[in-house]
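What follows is one structure encoded as structure tokens, with my remarks underneath.
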């Protein structure tokens, strides 16, 4: 299944979470030279977020997702969560 989000513009990480229900989706093109990019492409790390939450995606923005990339993304997300949890902990001390 291929999804090109040309008309329905994604603009937030919440929009990506809504796509996680499309379990047969294998290719998601949000950024391409062939059409206008989705607004979400302006957000830092949107590709990391998509790869982490949509583990079944095989191709993102015309790029094949390798298993090594998935491992790197998982590591980045875990580190970010640990960092932000530490920061929140400091707020409540």
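Scanning region 17-30 for residues that are in contact with a helix residue (DSSP H, G or I) (Cβ under 6 Å, 6 or more places away or on another chain) and either surrounded by 17 or more Cβ atoms within 10 Å (Cβ to Cβ) or over 20 Å from residue 76 (Cβ atoms) (or both) yields a single hit, 30. Scanning region 28-45 for residues that are modelled with pLDDT of 85 or more, in contact with a strand residue (DSSP E or B) (Cβ under 6 Å, 6 or more places away or on another chain) and not in a helix (DSSP H, G or I) turns up at least one hit.
Within region 27-40, the set of residues being over 15 Å from residue 17 (Cα atoms) and either under 10 Å from the mean Cα position of the chain (by Cα) or without any contact (Cβ under 8 Å) to a residue 12 or more places away in the chain (or both) comprises 33, 34, 37. Filter region 46-66 for residues that are surrounded by 14 or more Cβ atoms within 10 Å (Cβ to Cβ) and in a loop (DSSP other than H, G, I, E, B); which is nearest to the chain's Cα centre (by Cα)? Top of the filtered list is 54.
The values are calculated or read from the model by the stated rules, or taken from the named source; none is laboratory data. The structure displayed is predicted, hence computed values, not measured ones. Don't worry about glycine lacking a Cβ; one is built from the backbone with ideal geometry, like all the others, and counts go over all protein chains shown.
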